[in-house]
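The values are calculated or read from the model by the stated rules, or taken from the named source; none is laboratory data. As the structure is a computational prediction, the values presented were derived from the model and not from experiment. As a convention, Cβ positions derive from the backbone with ideal geometry for all residues, glycine included, and neighbour counts pool all protein chains shown.
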Amino acid sequence: MKKISAFFLLFGIFCILLQGLSDPAYPSDKSIKDVVIIGNKRLPFNTIGVNELKDIYQRKKTTWANGQKISFALLDSGKTHELFIRHYIQKTPAQYHRYWKKLVFAGRGIPPASFRNENSLMAHVALTAGAIGYVSPETKLSGGVKKIQIVEDSVATSEQTEKSVPSPTQDNTQTTTSDNANKKKSQSFFNRIFD
């Protein structure tokens with residue numbers, strides 16, 4: 001009888017503890033407000049998509065849209081680091097560390113710059129062209145960095161597309177000329193094939 005009572009007691013405690021735990025790889029949206037994405041002040045944008053940020057920190061994206069090399073910085077540890085990795089990279093800090101070990105061992109990357117404190121990370125971002133990083137909201141931003149707003153990827157893509165679309169007042173004669181040249185090339189290619 002004592003064994004059955006002890007079993008139910010332990011089972012009850014386990015269930016209570018399980019209800020109080022959230023998925024560790026995905027913190028609540030409230031905790032995400034505890035992370036601020038920062039970038040070098042000279043970056044030509046103020047927003048970044050969630051998936052783009054994830055690709056950058058997994059070194060799947062290495063250059064910005066203007067061709068500039070991306071430099072990203074990490075904190076070594078701490079609450080802000082853990083929240084950033086869990087939410088935006090969707091890994092635990094240990095999983096992310098193992099991910100980088102594999103990349104380095106395979107010769108596909110060098111470890112990212114990592115810093116012990118937020119001021120050092122911010123100084124690196126301020127002094128490095130094309131750099132991006134993260135800090136807690138309590139950290140006062142220095143003059144060389146700016147806050148980067150996180151947006152849905154569809155919004156970030158449409159903002160970048162709007163910047164690259166030529167205005168109606170631009171002269172389109174060069175486009176027409178290059179279109180005609182491309183048509184002639186394709187026609188001559190097909191003529192050679194079918195003659």
Within region 117-136, does at least one residue satisfy the condition of being assigned to a loop (DSSP other than H, G, I, E, B), surrounded by 15 or more Cβ atoms within 10 Å (Cβ to Cβ) and of a type in the set (S, T, N, Q)? yes
Of the residues in region 84-116 that are part of a loop (DSSP other than H, G, I, E, B) and aliphatic (A, V, I, L, M), the one that is surrounded by the fewest Cβ atoms within 10 Å (Cβ to Cβ) is ALA106
So ALA126 ticks every box in (1) among the aliphatic types (A, V, I, L, M); (2) in contact with a helix residue (DSSP H, G or I) (Cβ under 6 Å, 6 or more places away or on another chain); (3) modelled with pLDDT of 95 or more but one. Which box is left unticked? (2)
Output the residue which, of all residues in region 121-152 that are under 18 Å from the mean Cα position of the chain (by Cα) and basic (Lys, Arg), is nearest to PHE84 (Cα to Cα). LYS147
